[in-house]
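Participant: Below is the structure I would like to discuss, written out as structure tokens.
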Amino acid sequence: MAPQLARVAEPYGVTVMSFGGFDSLTEKHQFAVELANHDRPTEVLHVGDHDPSGVSMFTAYLEDVEAFTRDLGGEAAFTRLAVTPEQIAAYDLPTAPPKPTDRRAFTGQTCQAEALAPNVLAGILHSAIEARIDRGVLDRVLRHERQVRRELAARLAD
């Protein structure tokens with residue numbers, strides 16, 4: 001799933017990461033250090049399963065990484081893009097009951113992120129990025145990049 005999302009995010013300069021194994025405080029702290037080193041507030045857009053594990057992981061990251069980042073002088077916010085109960089209903093996604101052995105607080109049916117059609121998930125991410133972009137700033141950056149490329153190409157041609 002990460003490569004597909006990276007294809008959507010890359011033109012905007014947005015990094016896609018997979019957090020599958022990032023559960024230790026050390027890993028969360030390292031991520032917070034990276035976020036705090038940005039020169040502006042950073043929003044982390046999250047895609048994950050709608051189940052006790054996915055919701056719990058998102059909440060734990062949100063709380064720990066936001067706190068670490070704040071303590072390091074940075075600013076980070078987390079937004080869950082998918083899978084949400086609203087998307088389960090809107091896209092009539094397949095669900096299953098939570099595992100009876102999982103004792104974490106969770107209401108409703110579970111749903112895997114992979115249940116969203118690839119084009120739907122790509123559209124959710126694309127819309128979320130577009131909603132957060134200052135189009136004027138992006139256009140200026142892209143013009144500047146084109147100019148720098150032309151200048152470098154001219155220097156290499158000499």
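Read-outs throughout are calculated quantities, based only on the coordinates presented, and are distinct from any laboratory measurement. Just so it is clear, the model here is predicted, and its values are computed rather than measured. Here the Cβ is made from the backbone with ideal geometry for all residues, glycine too, and neighbour counts use every protein chain on show.
Participant: Arrange Ser53, Ser18, Ser24 by Cβ neighbour counts within 10 Å, fewest through most, would you? If you can, show how the numbers build up before the last one.
Facilitator: Working: Ser53 15, Ser18 12, Ser24 9.
The most exposed by this proxy come first: Ser24, Ser18, Ser53.
Participant: May I pose another question? If I model a spin label as a point 7 Å beyond the Cα along the Cα-Cβ vector, how far apart are those points for Ala131 and Ala60 in nm?
Facilitator: The two pseudo-label positions are separated by 2.8 nm.
Participant: List, largest first, the extents of the alpha carbons of region 61-126 along their principal axes, each in whole Å.
Facilitator: Answer, in whole Å and largest first: 42, 35, 16 Å.
Participant: Same structure again: Nearest 500 deg cm²/dmol is fine: what mean residue ellipticity at 222 nm does the chain get from its DSSP H runs of n ≥ 4 alone, each adding -39,500 (n - 2.57), divided by its residue count? Intermediate results must be reported in sequence, preceding the final value.
Facilitator: Working: 6 runs with 84 residues, N = 158.
Counting only the DSSP helices, I get -17000 deg cm²/dmol.
Participant: When the Kirkwood radius is taken over all Cα pairs of the chain, what Stokes-Einstein diffusion coefficient follows at 4 °C and 1.567 mPa s, in µm²/s?
Facilitator: Values: Rh = 17.9 Å.
Here the translational diffusion coefficient equals 72 µm²/s.
Participant: Under a plain spin-label model, where a point goes 7 Å from the Cα along Cα-to-Cβ, how far apart in nm are Ala117 and Arg150?
Facilitator: According to this spin-label approximation, the distance is 4.1 nm.
Participant: Hey, what angle do you get for helix 118-132 against the long axis of the chain, alpha-carbon based, 0 to 90 degrees rounded to 10?
Facilitator: 60 degrees
Participant: Please give, to one decimal in nm, the separation of the simple spin-label points placed at Ala6 and Ala77, each 7 Å out from Cα toward the Cβ.
Facilitator: With each label point 7 Å from Cα toward Cβ, the separation is 2.8 nm.
Participant: Continuing with this model, one more query. So what's the angle, to the nearest 10 degrees on a 0 to 90 scale, between helix 25-36 and the longest Cα principal axis of the chain?
Facilitator: It is inclined by approximately 40 degrees.
Participant: Further question: To the nearest 20 debye, what is the magnitude of the charge dipole of region 2-133 about its Cα centre, counting +1 on the Cβ of each Lys and Arg and -1 on the Cβ of each Asp and Glu? Let's see the in-between values first.
Facilitator: Values: 9 positive and 18 negative charges, 35 e Å.
I would put it at about 160 debye.
Participant: Against the globular-protein guess of 2.2 N^0.38 Å, express the Cα radius of gyration of region 90-146 as a ratio, rounded to two decimals. Let's see the in-between values first.
Facilitator: Numbers: Rg = 18.7 Å, N = 57, 2.2 N^0.38 = 10.2 Å.
Cα Rg divided by the expected 2.2 N^0.38 Å: 1.83.
Participant: Quote to one decimal, in nm, the extra length available between Ala67 and Thr26 on full extension: 0.36 nm per residue of separation minus the C-alpha distance between them. Before the final figure, lay out the partial values.
Facilitator: On the way: separation 41, 0.36 × 41 = 14.76 nm, distance 1.34 nm.
Answer, rounded to one decimal: 13.4 nm.
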